[in-house]
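The values are calculated or read from the model by the stated rules, or taken from the named source; none is laboratory data. In this text, all values refer to a predicted model and were calculated from it rather than measured experimentally. Heads up, the Cβs are rebuilt from the backbone with ideal geometry, glycines too, and the neighbour counts pull from every protein chain shown. Surface areas here come from the heavy atoms of the whole protein model, side chains and all, with no ligands, DNA or RNA. Shrake-Rupley method; radii C 1.70, N 1.55, O 1.52, S 1.80 Å.
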Amino acid sequence: MAVIGAEQVDAAKRDGGVLRVARGDLVTPLARERAREIGVRIDQEAPVPPKRAPQPVVPPNTLANTGVAKGRQVPPRPNGSAARAASAPGRPAGPAPMLTGPSAPDAATVNTLYRRGAPAPALPALGSVGARTGRPRAAVVGAGHVGAVAAMRLAESDLFDEVVLTDIVEGLAAGIALDLWHGASLCGSSTRITGADSVDGVAGCDYVIVTAGRPRKPGMSRTDLTNVNAAIVGSVSERIRAVAPNSVVVVVSNPLEEMTHVAQLKTGFPPERVLGMAGVLDTARFASLVGLTGKTRPDQVVAYALGSHGPEMVVPLSQATAGGRKLTELIDRPTLDAIVERTRDSGAEVVSLLKTGSAYFSPGQSAALMVTTMARDDRSSVLACAVVPNGQYGLRDTRVGLPVRLGRGGLAEIVELPLEPAERTALAEAAARLAERISAVS
Ligand code: LAC
């Protein structure tokens with residue numbers, strides 16, 4: 001058997017536009033595509049019909065050997081033709097195609113395997129691919145880089161029956177979802193990943209991550225995005241309210257606290273079900289930078305980046321530990337202050353390197369971590385999230401990054417850490433600035 005590639009198609013074009021292919025040779029999908037593109041006709045010798053074992057005579061009034069599903073009543077046909085009636089149109093009479101020898105699939109099967117555009121069997125229905133029932137469904141709105149990474153992490157966790165990715169750019173979410181689903185066996189997950197061209201694809205989901213909106217460009221602050229992203233997040237939130245009224249929403253779009261506020265207004269959800277993702281990311285950045293000192297590993301650092309996802313970020317060093325020791329005992333204060341400063345500017349640092357967009361791996365991971373923590377109902381973790389305080393730390397009527405426990409239904413508890421007076425004051429100032437900014441988009 002020869003394999004006919006695109007080069008032979010090109011040669012056939014030069015030699016008159018017809019490519020003659022011997023029986024049994026394989027024309028690659030690429031070659032067929034090339035032939036279509038440049039107008040070459042492929043003439044392949046017809047396959048020899050496979051030899052079949054003589055068929056037993058089927059009595060006219062039995063269904064036993066017809067391949068007709070049990071229980072389906074088909075009236076008996078005259079002349080013993082029930083077997084023919086049940087086989088696919090165009091096939092020789094007899095049972096469905098099968099291997100006729102130890103290593104010889106019949107020609108019809110070979111063609112089906114290799115022919116691009118050949119009719120494929122319908123995919124199994126959602127949830128029948130080994131999915132455990134009763135698992136939640138999660139969605140990600142916006143199939144940009146942050147959305148794709150978030151969807152990937154959610155699916156890898158194998159905690160969900162389905163992860164739906166949506167984007168208004170036609171085919172984008174479906175393409176990414178299909179690509180991610182192709183990797184299911186590589187990450188040991190049975191979570192189905194699907195894509196939709198409309199936010200309405202999130203219908204019935206338990207958790208929705210909103211990444212929709214414009215990212216920053218070099219030189220832009222997060223607040224430069226306020227108006228354009230408020231319109232996008234607002235309309236997305238109205239659809240979430242309509243189609244996933246019981247969901248918990250995690251907002252990633254910037255400026256973070258303002259957009260989370262818009263999402264809460266437009267969904268009308270209680271504050272426990274609308275959370276802003278920023279503190280998890282800022283805390284992770286802090287831990288990664290602490291790791292650069294060589295004094296500890298990032299995953300040993302326990303700390304909380306509170307306040308705003310911006311200039312008013314507060315990392316209370318009195319609460320920061322690594323391997324059970326206070327960070328202030330491991331690392332000198334000027335170094336720690338420099339680390340906090342760099343954490344605050346880390347988003348801009350990535351923007352200035354990328355030039356065409358903002359960070360996406362760690363933001364996507366952070367949003368997914370919030371959702372997996374909720375799906376696990378893991379109240380042992382304390383994560384920094386942008387939430388609405390109800391008197392905790394003396395704060396109200398604002399939205400600010402605070403340490404919280406998340407449960408299956410969203411915010412379970414705002415944790416009151418014993419902050420030092422200066423840290424408490426810095427947090428109160430951040431909350432006040434955020435209250436002003438939020439009121440400007442109300
Ligand atoms: C950043 C964006 C997600 O900090 O705000 O990179």
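What the table below lists for this structure:
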| quantity | calculated |
| --- | --- |
| 5 angstrom amide H check on ILE193, placed H, neighbours 5+ away | VAL163 |
| For ARG408, residues with placed amide H under 5 Å, excluding near neighbours | ASP377 |
| Cα centre as origin, Lys/Arg/Asp/Glu Cβ charges: the range 279-439 dipole, Debye | 320 |
| Zone of ASP337's modelled label, taken as backbone nitrogen in the range 391-423 under 20 Å from a point 7 Å along Cα→Cβ | 420-423 |
| Per-residue HN-Hα couplings for the range 167-184 [Karplus 6.51, -1.76, 1.60; θ = phi - 60°; Hz; x = Gly/Pro] | 7, 6, 6, 4, x, 5, 5, 5, x, 5, 4, 5, 4, 5, 4, 4, x, 4 |
| Within the accessible area of the range 135-276 (1.4 Å probe), percent carbon and sulfur | 54 |
| Approximate spin-label separation LEU417-ARG376, in nm, with each point projected 7 Å along Cα-to-Cβ | 2.0 |
| Residue-normalised accessible area of the range 279-439, given per residue in Å² at a 1.4 Å probe | 44 |
| Long-range HN-HN contacts of ALA322 with modeled amide H, under 5 Å | VAL302, LEU327 |
| Distance from the range 1-46 to the range 153-205 (C-alpha centre basis), Å | 37 |
| Under Karplus coefficients 6.51, -1.76 and 1.60, residue-wise ³J(HN,Hα) of the range 409-419 in Hz, glycine/proline x | x, x, 5, 9, 6, 8, 8, 9, 7, x, 6 |
| Carbon/sulfur fraction of accessible area - the range 279-439, other protein chains in place, 1.4 Å, % | 51 |
| Sorted peptide list for 15-27, 377-389, 243-255, 222-234, criterion being average Cβ within 10 angstrom, highest first | 243-255, 377-389, 222-234, 15-27 |
